[in-house]
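S.K.: The structure follows.
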Amino acid sequence: MNLCTDQLAMMLTGPDQLVAVSRIARDPVSSALWAEAETWPVHGGGAEEIHLLEPDIVLAGAYDPAATVALLRRLGLRVEVFGIERSFDDIRANVRRMGALLGTEARAEALIGEMDGRLEAPPAAEPRPRAALFYSNGYTSGAGTLANEILSAAGYANVAVEHGIEGMAKLPLETLVMDAPDLLVTGQDYAAPALAQGILGHPATAAIGAGQVRVSDNLWACGTPLVARAVEGLRAAR
Amino acid sequence: MSLLSLEGVTVRRGACPVVDGVTARVVHGEMVGLLGPNGAGKTTLMRAALGLQAAEGRITLGGASLDDLGPRERALAAAYIPQEREVAWPVTVEALVTLGRGPHRSTAEADRAAVDAAIGAMDLEAYRGRPATELSGGERARALIARALAQDTPLLLADEPSAGLDPAHALGLMRRLRDLARDGRSVVVSMHDLGLAARWCDRLILMVSGRVVVDGPPEAVLTPGRLAQVYGITAHLGADQDGPLIVPTGLARSELVKKEE
Amino acid sequence: MSRFAGTLAGLATGTAVLFCLSLLTGPAGTPAGAGLAALISGGDGALGIVMREIRLPRALLALLIGAGLGLSGAALQGYLRNPLAEPGLLGVSGTAALGAVLALYTGLSAVFPLALPLMALAGAFLAVLLVQALAGSGGGSITLILAGIAVSSLAGALTALALNLSPNPFAASEIVFWLLGSLADRSMPQLWLAGPFILAGMALLFTLGRALDALTLGEDAAASMGVTLARTRMLAVIGTALAVGAGVAVAGAIGFVGLVVPHVLRPLVGGIPSRLLPASALGGAVLLLAADLAVRVIAPDRDLKLGVLTALVGAPFFLWLVWRHRRDLA
């Protein structure tokens, strides 16, 4: 019932094991496996709908509504809650756990092996080029986040870490401009407009000339082995 | 030449005429009293004469047709003191009186001179810097008249200016208004106090239900028959060396009959 | 006259000082001299960008929007002859926000940028007309406030509805911006979009001086002194809509500025409406610049909305007004 666990499940499922995925798994902006998600039916995320599907296991994420998870358990369903992946090790652990739950351990190990292969690279050139992550509403990701790990693996230094930021926090636009990063990684816009995206269109953001701007796409959104491709993409840009 | 001329003036509210075919003239140096019971149409007539109210008929102000005059020209021809003595903000008496200079495009000295004259004429020198909202009823009435004086127009219309004033202030007001008339301006006042009206006005216009019933000197207008018919009262009529005296004494017989029923 | 001139001079000085302080405040933490030098010399370096594209539009918008709010508050109070009138309380800001929200979240303003201020203007215009029709200048304070509450409640509800219906996941939480207002990270394009409308509205409102003075004595007296009431009404309505609406379109609804500023300044100008107009414009600029500074100094890391500060000052002030005038207001 969660975008990220859905994608892991889609990658590791045996035939006829996966009953349904959440609606957002089909959204091209958020989901890397949006095309594959067409194969399975979707549900709206409510306890009633999931219960009617009569699954053996419900796969949920740490940020799914606690009320829904509790209700599903009360209805007698087995709910396995997966934590947020903040590092490559977290990804490996969750993949292995998913494989164990679905009985597809071999596939899990294969995925991990593939990911590790892509991640391997010669040590980054020093000094590292500097990159900044900048999303809607002016948020950035600092130490202890998956986005930070992706940047590091690709050979960049995260501007947010220079400021001692941990987790996700607001980065003032002025500070971003003064930092003058070599690369700016922003989030992808939703089709429908909102003020949150406004800061990405601010002239000051555009004026951070040095760089290139890369859009973090659906490969970044979840902690799946697919993040390795995101790392490769960044390395190629350097 | 008349300062104000009304011919067949009619004001309708819905189907009923509030003012019905009124014809009257006001010439230089006259003090005219506009009388009538409540709801006779006195206020509406005044407002129509100034163009504040749409009306049928011919109205000329200062010799020109009302329709041909722009708002500023009307303001220079006649000043109006409404019944509601509204002062929205605590402006000084001096600032209030200066409002009357608005329609003029004169120099600051000319404005100051006119304001000083108006304040002097209304004995308001001591109150010049006081907020107008802190004045008593009589003082505020004088300040509003001073504003109209500062507007320096040949014609002045005042709607019940003596209402709510104590006897001294009411008398003082009527004397000042008549002095204006003697100076060559014309003054039209509407009022309910028959004694004051008879004594101080040169001419009275009596209105009932929107129509002019009689128009002439006080002795001719305020006869016992008229007083009974229009106001439903009896009065003691007399005179002294300064003018007519009218003192209402009681309700007329038909009114008494109504009361007893 | 000298007290009036002194008041204006003091307010103008305050505006200039706060404007400069606003340019020098921000997370970039640069020394004052370097910042001003970068602004004037127009360098393309990071500091130049920060000054020109981030701080300058913010300071200018605070000045303009504040002036517009103060001026329209004074104009509305003078026209309605009611000391409780102001664009926020009368629902003008709220309806302008509704117009802006409809333009932005339907994608209309992405296609046609002028739609944003124009629809905010239309909302503001409707609100002034509606409140005037409901309460009029003959209506007492209670009627006026009730009409304002009705209009702003409706506008607020429709705004929330529009935001909740948007497919964008951020939209629903952005209601806080629209109802409380913020100048954070405004840009020069937004200044160009809103600025001309605000200036036009202010120009219209400034012509009302003599009419508002005459209205002190009531509508009939004013008309007899040469004021054309219909024209006065049109100028007040359109001027307010322009001055307030465009500001709301780029900064959300900021309340209470138009209430507090004319009130505080009225004794200093002897109650004369025509003098209160320029004083309130400057006073509004001072208040909003100060509030925007406070927002950045008090809680630089949190996105504290401007409307919170103006409400913290304005709402107790409003309560005190109601208390003091409770006998007169009914």
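The values are calculated or read from the model by the stated rules, or taken from the named source; none is laboratory data. If you're wondering where the values come from, they're calculated on a predicted model, not measured in any experiment. Cβ: placed from backbone, ideal geometry, glycine included. Neighbour counts: every protein chain shown.
S.K.: Restricting to region C:191-230, give me the number of residues that are within 23 Å of the chain's Cα centre (by Cα) and over 27 Å from B:Ala141 (Cα atoms).
M.R.: 17
S.K.: Are any of the residues in region C:280-293 more than 21 Å from C:Pro57 (Cα to Cα) and more than 10 Å from every other protein chain (Cβ to nearest Cβ)?
M.R.: Among the residues of region C:280-293, at least one is more than 21 Å from C:Pro57 (Cα to Cα) and more than 10 Å from every other protein chain (Cβ to nearest Cβ), which makes the answer yes.
S.K.: I want to confirm something. Restricting to region B:80-99 and keeping residues that are more than 7 Å from chain C (Cβ to nearest Cβ) and touching a strand residue (DSSP E or B) at 6+ places or on another chain (Cβ under 7 Å), which single residue is nearest to B:Leu4 (Cα to Cα)?
M.R.: B:Ile81
S.K.: Same structure again: Taking region B:65-79 only, how many residues are within 9 Å of chain C (Cβ to nearest Cβ) and not in a strand (DSSP E or B)?
M.R.: Number of matching residues: 7.
S.K.: If you don't mind, there's one more thing I want to ask. Search region A:100-134 for residues being of a type in the set (D, E, K, R) and within 30 Å of A:Leu184 (Cβ to Cβ), and hand back the single one that is farthest from the chain's Cα centre (by Cα).
M.R.: A:Glu126
S.K.: Does at least one position in region C:41-56 carry a residue that is hydroxyl-bearing (Ser, Thr, Tyr) and touching a helix residue (DSSP H, G or I) at 6+ places or on another chain (Cβ under 7 Å)?
M.R.: Looking through region C:41-56, none of the residues is hydroxyl-bearing (Ser, Thr, Tyr) and touching a helix residue (DSSP H, G or I) at 6+ places or on another chain (Cβ under 7 Å).
S.K.: Return yes when A:Trp40 is touching a residue at least 60 places away in the same chain (Cβ under 8 Å) and surrounded by fewer than 18 Cβ atoms within 10 Å (Cβ to Cβ) and no when it is not.
M.R.: Considered against the rule, which asks whether it is touching a residue at least 60 places away in the same chain (Cβ under 8 Å) and surrounded by fewer than 18 Cβ atoms within 10 Å (Cβ to Cβ), A:Trp40 comes out as no.
S.K.: Could you list all residues from region A:85-115 that are of a type in the set (Lys, Arg), more than 10 Å from A:Met11 (Cβ to Cβ) and either touching a Phe, Trp or Tyr at 6+ places or on another chain (Cβ under 9 Å) or in a helix (DSSP H, G or I) (or both)?
M.R.: A:Arg92, A:Arg96, A:Arg97
S.K.: A follow-up question, please. Check region B:4-18 and report whether any residue there is within 13 Å of the chain's Cα centre (by Cα), over 24 Å from C:Arg81 (Cβ atoms) and basic (Lys, Arg).
M.R.: So far as region B:4-18 goes, no, none of its residues is within 13 Å of the chain's Cα centre (by Cα), over 24 Å from C:Arg81 (Cβ atoms) and basic (Lys, Arg).
S.K.: I would also like to ask the following. For region C:129-143, state whether one or more residues are surrounded by 18 or more Cβ atoms within 10 Å (Cβ to Cβ), within 9 Å of another protein chain (Cβ to nearest Cβ) and among the β-branched types (Val, Ile, Thr).
M.R.: no
S.K.: Right, another one. Condition test on B:Leu52, is it among the hydrophobic types (A, V, I, L, M, F, W, C), buried (at least 16 other Cβ atoms within 10 Å of the Cβ), part of a loop (DSSP other than H, G, I, E, B) and within 14 Å of chain C (Cβ to nearest Cβ)?
M.R.: Criteria met by B:Leu52.
S.K.: Among (1) surrounded by fewer than 17 Cβ atoms within 10 Å (Cβ to Cβ); (2) outside any helix (DSSP H, G or I), where does C:Gly33 come up short?
M.R.: (2)
Residue by residue, here is whether (1) surrounded by 16 or more Cβ atoms within 10 Å (Cβ to Cβ); (2) farther than 24 Å from B:Pro82 by Cα holds:
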{"site": "B:His169", "(1), (2)": "yes, no"}
{"site": "B:Asp183", "(1), (2)": "no, no"}
{"site": "B:Val188", "(1), (2)": "yes, no"}
{"site": "B:Arg203", "(1), (2)": "yes, no"}
{"site": "B:Val212", "(1), (2)": "yes, no"}
{"site": "B:Thr249", "(1), (2)": "no, yes"}
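S.K.: Among the candidates A:Thr175, A:Thr186, A:Thr140, A:Thr145, single out the residue that is under 23 Å from C:Leu183 (Cα atoms), of a type in the set (S, T, N, Q), under 20 Å from the mean Cα position of the chain (by Cα) and modelled with pLDDT of 85 or more.
M.R.: A:Thr140
S.K.: State yes or no: is B:Thr44 out of contact with any His (no Cβ under 6 Å at 6 or more places or on another chain), assigned to a strand (DSSP E or B) and either surrounded by fewer than 23 Cβ atoms within 10 Å (Cβ to Cβ) or free of Cβ contacts under 8 Å to residues at least 40 places away in the same chain (or both)?
M.R.: Values: out of contact with any His (no Cβ under 6 Å at 6 or more places or on another chain): yes; assigned to a strand (DSSP E or B): no; either surrounded by fewer than 23 Cβ atoms within 10 Å (Cβ to Cβ) or free of Cβ contacts under 8 Å to residues at least 40 places away in the same chain (or both): yes.
Here the answer is no, as B:Thr44 does not meet what is asked.
S.K.: Hey, can you tell me all the residues within region C:145-170 that are closer than 14 Å to C:Ala97 by Cα and either within 14 Å of another protein chain (Cβ to nearest Cβ) or in a loop (DSSP other than H, G, I, E, B) (or both)?
M.R.: Hits for region C:145-170 are C:Thr159, C:Ala162, C:Leu163.
S.K.: Are any of the residues in region C:176-187 surrounded by 19 or more Cβ atoms within 10 Å (Cβ to Cβ) and more than 27 Å from C:Ser22 (Cβ to Cβ)?
M.R.: The answer is no; no qualifying residue exists.
S.K.: Moving on. For region B:74-94, check the following and say yes or no: at least one residue is farther than 23 Å from B:Met122 by Cα and touching an Asp or Glu at 6+ places or on another chain (Cβ under 9 Å).
M.R.: no
S.K.: Follow-up. Please note which helices (runs of 4 or more DSSP H) are completely contained in region A:125-238 and include at least 1 residues that are within 30 Å of A:Asn94 (Cβ to Cβ) and of a type in the set (D, E, K, R).
M.R.: Values: elements: A:146-153, A:159-162, A:173-179, A:203-206, A:218-221, A:227-237.
Filter on region A:125-238 gives A:146-153, A:159-162, A:227-237.
S.K.: Of the residues that make up region C:175-182, is at least one under 19 Å from C:Pro113 (Cα atoms) and either touching a residue at least 40 places away in the same chain (Cβ under 8 Å) or aliphatic (A, V, I, L, M) (or both)?
M.R.: yes
S.K.: For residues that are among the hydroxyl-bearing types (Ser, Thr, Tyr) and under 30 Å from B:Pro90 (Cβ atoms), scanning just region C:64-122, find the one that is surrounded by the fewest Cβ atoms within 10 Å (Cβ to Cβ).
M.R.: C:Tyr79
S.K.: Let me ask something else about it. Of all residues in region A:179-195, count the ones that are facing chain C (nearest Cβ under 7 Å) and either of a type in the set (Phe, Trp, Tyr) or surrounded by 18 or more Cβ atoms within 10 Å (Cβ to Cβ) (or both).
M.R.: 4
S.K.: Still on this structure, I have one more. If C:Ala59 satisfies every condition in (1) part of a helix (DSSP H, G or I); (2) within 13 Å of chain A (Cβ to nearest Cβ); (3) small (Gly, Ala, Ser) but one, which is the exception?
M.R.: Result: C:Ala59 fails condition (2) only.
S.K.: Now, a different point. Hey, among C:Ala211, C:Ala221, C:Ala230, C:Ala200, which residue is away from chain B (no Cβ under 14 Å), small (Gly, Ala, Ser) and on the phi < 0 side of the Ramachandran plot?
M.R.: None of the other options fit; the residue is C:Ala200.
S.K.: Where in region B:140-213 are the strands (runs of 3 or more DSSP E), entirely inside, with at least 1 residues that are at pLDDT below 90 and among the hydrophobic types (A, V, I, L, M, F, W, C)?
M.R.: Where strands (runs of 3 or more DSSP E) fall fully within region B:140-213, none carries at least 1 residues being at pLDDT below 90 and among the hydrophobic types (A, V, I, L, M, F, W, C).
S.K.: Based on this model, can you work out whether C:Pro83 counts as out of contact with any Lys or Arg (no Cβ under 6 Å at 6 or more places or on another chain), at negative phi and away from every other protein chain (no Cβ under 14 Å)?
M.R.: The answer is no for C:Pro83.
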